[in-house]
Every structure is written in C-alpha cells, then in structure tokens.
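The values are calculated or read from the model by the stated rules, or taken from the named source; none is laboratory data. Nothing here was measured: the structure is a model prediction, and the numbers come from that model. Glycine also receives a Cβ, built like all others from the backbone with ideal geometry; neighbour counts cover every protein chain displayed. Only protein heavy atoms, including side chains, enter the accessible area calculation; ligands, DNA and RNA are left aside. Shrake-Rupley method; radii C 1.70, N 1.55, O 1.52, S 1.80 Å.
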Amino acid sequence: MLTRAVRIHRHGGPDVLQLDEVELPPPGDGEALVRNTAIGVNYADIYEREGDHGGPHSAKPFPVTMGHMAAGIVEALGPGTDGPAPGTRVGYIGGASYAGHTLVPAGRLIALPDSVADDVAGAYLLRGLTAEYLLRRLFVVRPGVTALVHAAAGGMGLVLGQWGKALGGRMIGTVGSAARVATAAAHGYESVIDTSAEDFAPRVMELTGDRGADVIYDGIGKAAFLKSLDCIRPRGMVISYGTSSGNVGAFDLQRLHSKSIIVTRPTLRSYIADPAELKAASEALFAVLLDGTLETPISAPLSLAEAAEAHRRLEGRALDAPVVLLP
C-alpha cells in the first residue's frame, strides 16, 4: 500500500525533513499494520535527525522514516500473528512513526484505555513511560526524597514534577526564563529556579540546607551536567537522560570521588525491552492518567507536512506543551 511518511535522506537541520510517498508492504509474521492518528514529537527525533541518536552502531541506511511514538488503530495483522485485533486503539514506542501507516511488532503494541484520548497517548506515551522508569525504578522517589529536575516546564519536566510529587517527593525545578516559572510551579514543583536570573547550584544547596538533592534528572546535558555535580548530595544520583544542549562529553571521573556520586545515562528501550516490564510500566502510566494525577496539556496539533515546524518549535523552546502531528 502507499502511505505518506516524513523521511530524511541526510542528517541536518529541520529542513532535511521531507514528506514522501512510500510503498509499505503488507504486515509479515509477528507484525501489525497501524494507521497512525496522533504522532508524538520528542527530542529523540531531533537527535536522530541530526545523526546523534544512540551511537554509531545504531546508524540506519538512508532514507530514514522519522519518529519514535504514535497512537493509532490496528488495521491488519500478519499471517498467524497474535496481537490486538483490527480496530483496536493502540499506542507504541518504535521507529518510523512519522507516517500515515507504520508496521509495528504486534507484541510491542499497547492497547489504550477508552478514556485515554489518541492525542494524549501520542503526546505522552514516550514521556510517561520514561518518567515511570526514572521515578519508580532507576531511582525510587518516595517521601523524604528531594529531586531536582532540569527543564521543569518542558514536556518531560511537566510529567516528572506531577508524578514525583504524587509519589511523595519534594520537587525542585529549573527553567530557562521567568515566563516558565508559573508553568512549572503549577505542575508539582515546590520551588522553581529561573536559570536566566541565578545559578541553580547554590540555590539548590540553600533550599536543601547545604545537603544537596538526592537525585537530579537532567534532560539538558552539556549546559547543566557539571553544575549538577555541585548540588547533588553525597552518594546521590545524577541521571543524564537527555542532551538538549549538547552531549556532556568527556569529564574528569575524579569529579565524582569526593561525594561518591552516581552518574548514569539511561535509555527507555532498556527498561521496556521485556514485554512484562512494558506491560507493567504502561499500566502504571495509565493509572496516573486516569486518576487525574497527571494533567496533560497539549499544544495545537500540526500536520505531518509541518514536521519541520514542530522540530523548530521544540528546539527553540517555543512550545508550552507537547505537540502531536496529525497524518
């Protein structure tokens, strides 16, 4: 069948995103054909577009269909394939989602509850599953834990703040401008630091009585990482889960020595590779979506043909909430 897909034929800026008509084969053994209805736009897409996604061993031959997440409807299953029946609303984390239709391993599909709308699933599935493992498994946030979240008013920051607070954590956030302070404060953060006006590290130490944060969630990378080491507590954990300002790069390992700091650079795929873990993580996410723990603001949607504009807005921090693409 023919479908439209946003592809790149080389790495570069948003202008390399190209809307093509492509031939998609019928689903094979173990596959499902999903008609996408709401496609998530995430920083992982920007890393892939720029050629900095997962290291040299993850390079794909051009052309590459972009995207890592979508919600949609199962249209067909491959021969002898067990999976959600045609007509089932599903979400998935997987490649080639910037398209009208995508072939997805049937075992990786997540059936969506009726009360979780397509645009919410498209905007928040990847972010929500990422927050689940960051808050509940990699480092367990609970009462008595102080967590610092960088980019607290961004798509991930909004989820981490609300869910972390619901788990009992004391949430401190950083934002890049005064205009974003109120947004973060309304989504779970007890204290919000405007990094355009002050250095966050001394302020975090002040807020914690010179102890430092127990855990730091850093989706920024280069611009925040080394300063984060200055405000983590002894034996605390700095989690570098994103690099919107650039890769952290090489640093002196001795910087960790004086406080026995733990640093990790995780990825979602390692935490949902096992089907049982994917199922449990999805159920935990849907629970906090359905009980009202998480507010899920969404920016005005853009069309698939406007993928480059979505990337520009995300990179330029011009989005107050996640955006989805509509095929």
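Results, tabulated for the structure shown:
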| read-out | value |
| --- | --- |
| Filter pass, Val159 being closer than 20 Å to Ala321 by Cα and either of a type in the set (Val, Ile, Thr) or modelled with pLDDT of 95 or more (or both) | yes |
| Test: residue in the range 75-87 that is among the hydroxyl-bearing types (Ser, Thr, Tyr) and in contact with a Ser or Thr (Cβ under 9 Å, 6 or more places away or on another chain) | no |
| Failed item, numbered, when Asp230 is tested on (1) within 15 Å of Leu135 (Cβ to Cβ); (2) surrounded by fewer than 17 Cβ atoms within 10 Å (Cβ to Cβ); (3) touching a helix residue (DSSP H, G or I) at 6+ places or on another chain (Cβ under 8 Å) | (1) |
| Verdict on Ala123 being in a strand (DSSP E or B) and touching a residue at least 12 places away in the same chain (Cβ under 8 Å) | no |
| Qualifying residue in the range 126-135 (condition: buried (at least 24 other Cβ atoms within 10 Å of the Cβ) and part of a strand (DSSP E or B)) | no |
| Wholly enclosed strands (runs of 3 or more DSSP E) of the range 1-43 bearing at least 1 residues closer than 15 Å to Pro63 by Cα and touching a Lys or Arg at 6+ places or on another chain (Cβ under 8 Å) | 2-8, 18-23 |
| The one condition in (1) of a type in the set (Asp, Glu); (2) open to solvent by less than 50 Å² (accessible area, probe 1.4 Å); (3) more than 21 Å from Leu125 (Cβ to Cβ); (4) under 24 Å from the mean Cα position of the chain (by Cα) that Asp20 fails to fulfil | (4) |
| Residue that is more than 21 Å from Glu295 (Cβ to Cβ), among the small types (Gly, Ala, Ser) and open to solvent by 10 Å² or more (accessible area, probe 1.4 Å), where the choices are Ala185, Ala117, Ala178 | Ala178 |
| Residues of the range 66-85 satisfying the condition of being over 20 Å from Thr267 (Cβ atoms) and either buried (at least 17 other Cβ atoms within 10 Å of the Cβ) or under 20 Å from the mean Cα position of the chain (by Cα) (or both) | Ala71, Gly72, Ile73, Val74, Leu77, Gly78, Gly83, Pro84 |
| Failed criterion for Thr102 (all others in (1) assigned to a loop (DSSP other than H, G, I, E, B); (2) more than 25 Å from Val238 (Cβ to Cβ) hold) | (1) |
| Meets criteria (in a loop (DSSP other than H, G, I, E, B) and touching a Pro at 6+ places or on another chain (Cβ under 7 Å)) for Ala300 | no |
| Pairs, first at positive phi in the range 152-180, second surrounded by fewer than 22 Cβ atoms within 10 Å (Cβ to Cβ), C-beta under 6 Å, six or more apart | Gly168/Arg142; Gly168/Pro143 |
| Members of the range 136-171 that are in a loop (DSSP other than H, G, I, E, B) and not small (Gly, Ala, Ser) | Phe139, Val140, Val141, Arg142, Pro143, Val145, His150, Leu167 |
| Subset tally (residues that are at pLDDT 95 or above, small (Gly, Ala, Ser) and more than 9 Å from Glu31 (Cα to Cα)) for the range 73-88 | 2 |
| The range 304-327, subset of a type in the set (Asp, Glu) and part of a helix (DSSP H, G or I), residue surrounded by the most Cβ atoms within 10 Å (Cβ to Cβ) | Glu306 |
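Listed here are the residues, each with its yes/no results for (1) in contact with a Phe, Trp or Tyr (Cβ under 9 Å, 6 or more places away or on another chain); (2) open to solvent by less than 30 Å² (accessible area, probe 1.4 Å); (3) touching a residue at least 60 places away in the same chain (Cβ under 8 Å); (4) within 20 Å of Thr243 (Cα to Cα).
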{"position": "Val16", "(1), (2), (3), (4)": "no, yes, no, no"}
{"position": "Gly30", "(1), (2), (3), (4)": "no, no, yes, no"}
{"position": "Arg49", "(1), (2), (3), (4)": "no, yes, yes, yes"}
{"position": "Gly87", "(1), (2), (3), (4)": "no, no, no, no"}
